[in-house]
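Take a look at the structure below.
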Amino acid sequence: MNPKKKLHDWYLTHKRDLPFRKKKQAYPIWISEVMLQQTRVNAMLPLYESFIKRFPNPESLAHAEEEEVLANWKGLGYYSRARNIRKAAILLVQNYNGAFPKDLNLILKLPGIGNYTARAILSIAYDLPFAVLDGNVKRVLSRYYGYTNNILGAKADTDLQKIADEFLNEDHPGDHNQAVMELGATICLPESPKCLLCPLSEFCFARIHQKTSEIPLRVKDKKQIILKGEIFVLYYKNSILLLREPKMRFLKGMFHLPYGFIGEIPEETYEPSQIFLSIKDSNPSKNLTPIGEFKHTITHHKMGFSVYSYVLESREWVEVLAKKFGVETKWVSLSDLDTEFPSSLASKVKKILLYLES
Ligand code: SF4
């Protein structure tokens, strides 16, 4: 029997009874896929149920306050994902009547939605022919097709996406994607795959060549991490605000300009701090255009920063925020900026400020 058909038949018999699979609806599929990127199914289910109960559709999410959405995300971490979900729901309601567009490029423009989530929504909710690629799929496909290169290497995602596209069962794209993921989660396990129970065993390269312990090859090199950040220069009279925040990923223990990473955040440790978000979302920050941009590298992190600046009428607002979030403040002159904040980040910002003053 054709392996795609065999896999589909296996899935129809063995699929787990999960609430978000009951109906082919984009919204619950989207929420469940984002949650599943953070935690395993069993841990995620109660959180998913209560989230969907409180926010049953994009409209309810779009009309909710951010704080309430975050409160309902508790236990999942990666709060930037919850913020992005709410922002994307607002755009869905504003631009698409609350429904997901059936177009990969349009979905990819929504905040926080990457290739995997977009393809999962389009295939599972709309049965459109897009193959997904997550950790489980990579393991199954690399074993089945005998992909012996490092799956953490630079080219692996492109290679494996091509393989996934070719393997896609275009008659049942949604079921097919879920079947491969389910196979990876329950049968083609990382340590001891249950090949005897596998619908793909007949033609599986790794099983035939007894290489299931060697494939997939995972060699961790220090993969470059790309980050997009924003830095704020807040003046009060002739002084510039510096902060010293607990639990920062970079610049630990140092007074620094308020900064944070935005867009797709690769790991929770890069999440922006509450004080940065409060400054970023405050009225004076809205509709600002950057006064400059620069690139910065710290070990394997490649960062692109936009710099914003404005003058405060009073320092009180910032001091209240700092107290609320347990952050220390310091006000320094421009000439002292790079001695009080001894990082090349400060020198790069200072260069922009001096250029603007000249
Ligand atoms: S036969 Fe074994 S190694 Fe191959 S896909 Fe199935 S479970 Fe994985």
What is the Cα convex hull volume of segment 154-252 when expressed per residue in Å³? 212
With Rh as the Kirkwood radius over Cα pairs, segment 3-208 has Rg/Rh of 0.98
Cα→Cβ-extended label distance, 7 Å offset, between ARG218 and PHE203, nm: 2.7
Isotropically averaged projected area of the chain, using the convex hull of Cα atoms (one quarter of hull area), nm²: 19.8
Where the Cα atoms of segment 277-332 are projected onto their three principal axes, how long is each span, largest first, in whole Å? 36, 26, 22
Take the Cβ-Cβ distance between ASP281 and LYS24 as r, set R0 to 45 Å, and report the resulting FRET efficiency rounded to the nearest 0.05. 0.80
Please report the net charge: other residues with Cβ closer than 12 Å to the Cβ of SER333, K and R +1, D and E -1. 0
All alpha-carbon distances of segment 216-268, grouped into 10 Å bins from 0, give the whole-percent distribution 18, 38, 27, 11, 4, 1
Bin width 10 Å, alpha-carbon pairs only: give the P(r) of segment 225-357 as whole percents, running from 0 to the bin holding the largest distance. 12, 48, 36, 4
In nm, what is the difference between 0.36 nm times the number of residues separating LEU128 and ASN150 and their Cα-Cα distance? 5.0 nm
In nm², what is the average projected area of the convex hull enclosing the Cα atoms of segment 192-298? 12.0
Restricted to the chain, the DSSP antiparallel beta bridge percent, nearest 5, is 60
Taking LYS6 as the anchor, which lysines have their alpha carbon closer than 18 Å to its alpha carbon, excluding any fewer than eight residues away along the same chain? LYS15, LYS194
Between segment 45-71 and segment 283-358, what's the alpha-carbon centroid distance in Å? 34
Cα extents of segment 6-127 along the three principal axes, largest first, in whole Å? 45, 31, 21
Going by average Cβ density within 10 Å per residue, which order do the peptides 75-83, 285-293 take, highest to lowest? 75-83, 285-293
With 0.36 nm assigned to each residue of separation and the Cα-Cα distance removed, LYS302 to LYS53 gains 85.7 nm
Dipole magnitude of the chain about its Cα centre (Cβ charges: Lys, Arg +1; Asp, Glu -1), debye to nearest 20: 580
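FYI, it's all coordinate maths here, none of it is from the lab. Model, not experiment: these values are computed from the prediction. Quick reminder, even Gly has a Cβ in these numbers, built from the backbone with ideal geometry, and neighbours come from all protein chains shown.
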